[in-house]
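Below is one structure, written out as structure tokens; the observations come after it.
Just so you know, all these numbers are worked out from the coordinates, no wet-lab data involved. If you're wondering where the values come from, they're calculated on a predicted model, not measured in any experiment. Using ideal geometry, Cβ is built from the backbone for each residue, glycine included, and neighbour counts are taken over all protein chains shown.
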Amino acid sequence: MTKTARPKTDEKAADEAGRTNVTFMPGAAPPARRKRRSRAWIWLPVLAVLAGAGYYGWRAYAPAQTATAIITQPVVRGDIENAVTAVGTLEAVKSVDAGAQVSGQLKALHVAIGDTVAKDQLLAEIDPATIENRIEINRAELANLQAQLESKKAQLALRQANIARQRNLVAGNAAARQALDQAVADLAAAEADVNATEAQIRKQQATLAGDEVDLGYTKIYAPMAGTIVANPVKEGQTLNAVQSAPTIVTIADLSTMAVRAEVSEADVGRLKVGMEAYFTLLGQPGKRFTGKLRQIEPSPTVENNVVLYNALFDVPNPDGELMMSMSAQVFFVQAAARDVLLVPAGAVTMKRGEGRGRPQAEVTVVSASGTQEVRKVETGIRNRVSVEVKSGLEEGEKVIVSSGSAGGGSAGGDRGSRRGMRMPPMF
């Protein structure tokens, strides 16, 4: 059989004819282009994950490149002190409670809180009616006893005359001996009656004197000069002084104030009687009130298992700006220096000397050209902030306080730890 070959021109013509038969709708995207666009959105998250994995690997395995940051401070001249700090409260050095010694109604109160009073000034009065009535009764009883005494004395005189007569009769055998004995007994009884009445009179006189003293107690006078700082009772109030003396007013001498500071048991051993002390107030933080430590009370106060000792010192208060119960920030000065060279405490390091020698203080000095030099210095007073330098440095020189990586110590440490870690598979 003979095969007939189809010419290529016919195939090409048919292909062109087939293409011409396709009709395109306006605005519709070709299906192939839409498929390619959807595949592009699928690959975007994959690319983001790959970028993050690359950055993580670079951070974990790249060689550490850190620069050293140096913090310097100049050597300055100023004042320094080493002190024990505590919290204290102001109170009056001398104060007294003026109270009532007798019971009764408070009839009048002549002072108020804040008034300045002089010694022996009348402060208050208690109604004296009850005591005055008691005094009148005691006086009448005393007069009765005195009248009885006169009667007893008259009986005594009669008994004395009778015994003299009986003795004369017995001597002349005109009376029996028994009559004389009876006269002697009657005389002794009369003398006893006189003595008993005199004792009753003395007792009544003492009772009357006590009532008169109580009458004087109805007026309360100031036992000292000072300022009225408390007044717990009011006019018209009934006072009961049987078991205890009720306080009417409290007088305090505010010309000198005492500071009661609570010092912890860890710091109380650093305190010495006579050392300098000062305090500041919340309202006047820039003003110092100075004094000297007067007393350390041996008995502590324990609050929530915290042992605190009371340290007291006095300060003058001529202007009256210090008031009772004010809160004070107290400083007990152990050592102080004025106008000396100072460096930050972080700039000084202590190096152990050879053998058993004392530790030597060293600082690192940075010159103007940037070179560093370790220099030995002689230090003095030290506190938590600064250190006194006696020799080895000049004012204005710069010392290194601290140094670290520019990226931060935590970043370097994390990077070093990451080197020992194996990166987990990302896919």
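Numbers for the structure displayed
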read-out	value
For Val401, residues with placed amide H under 5 Å, excluding near neighbours	Ile71, Thr72, Gln73
Under the Karplus curve 6.51 cos²θ - 1.76 cosθ + 1.60, θ = phi - 60°, whole-Hz ³J(HN,Hα) for region 77-93, x wherever Gly or Pro sits	10, x, 10, 9, 8, 10, 9, 9, 9, 7, 10, x, 9, 7, 8, 6, 5
In nm, spacing of pseudo-spin labels at Glu265 and Ala154 (7 Å Cα→C-beta vector)	8.2 nm
Modelled FRET efficiency - R0 45 Å, Arg134 with Thr85, Cβ distances, 0.05 increments	0.15
Neighbourhood charge, 13 Å Cβ-Cβ cut-off, centred on Arg165 and excluding it, Lys, Arg +1 and Asp, Glu -1	+1
Ordering of 301-309, 209-217, 81-89 by burial proxy (mean other Cβ atoms within 10 Å per residue, highest first)	81-89, 209-217, 301-309
Full-extension gain in nm, Ala345 to Thr116, via 0.36 nm per residue minus C-alpha separation	77.3 nm
Rg(Cα)/(2.2 N^0.38 Å) for region 66-201, N = residue count	2.90
Region 223-304: C-alpha gyration tensor shape, a/c 1.5 cut-off, then a/b vs b/c	prolate
Rounded if a/c under 1.5, otherwise prolate or oblate - region 128-217, Cα gyration tensor axes	prolate
Cα centroid separation - region 273-295 against region 91-157, whole Å	46 Å
Cross-link table Lys351/Lys398; Lys272/Lys351; Lys292/Lys390, entries beyond 25 Å C-alpha to C-alpha	Lys272/Lys351; Lys292/Lys390
Prolate/oblate/rounded label for region 127-281 (Cα gyration tensor, a/c 1.5)	prolate
Estimated FRET transfer efficiency (Arg384, Ala48; beta-carbon r; R0 60 Å; 0.05)	0.70
Per DSSP, loop GluC sites (Glu not before Pro) in region 228-289 with at most 13 further Cβ within 10 Å	Glu235, Glu265
Partner aspartates and glutamates for Lys153 [C-alpha distance under 15 Å; skip if fewer than 8 residues away on the same chain]	Asp186, Glu191, Asp193, Glu198
Ala179 versus Gln101: modelled label distance in nm, points set 7 Å from Cα along the beta carbon direction	6.0 nm
Amide H within-cut-off set for Met275, under 5 Å, with H built and near neighbours excluded	Leu293
Stretch gain in nm, segment Gln237-Lys94, where the contour uses 0.36 nm per residue and the Cα spacing is subtracted	48.7 nm
For region 186-242, Kirkwood radius (reciprocal of mean inverse C-alpha pair distance, Å)	15.8 Å
Positive-end residue, region 128-217 charge dipole about Cα centroid, Cβ charges, pick of Gln155, Gln182, Ala206	Gln182
Computed E for Ala245/Ala336 - FRET, C-beta separation, R0 56 angstrom, nearest 0.05	0.70
Charge dipole (region 272-329, unit charges on Cβ, about Cα centre) - positive-most of Phe289, Asn304, Met326	Phe289
Extension reserve of the Ala69-Asn304 stretch, reckoned as 0.36 nm per residue once the Cα distance is removed	80.0 nm
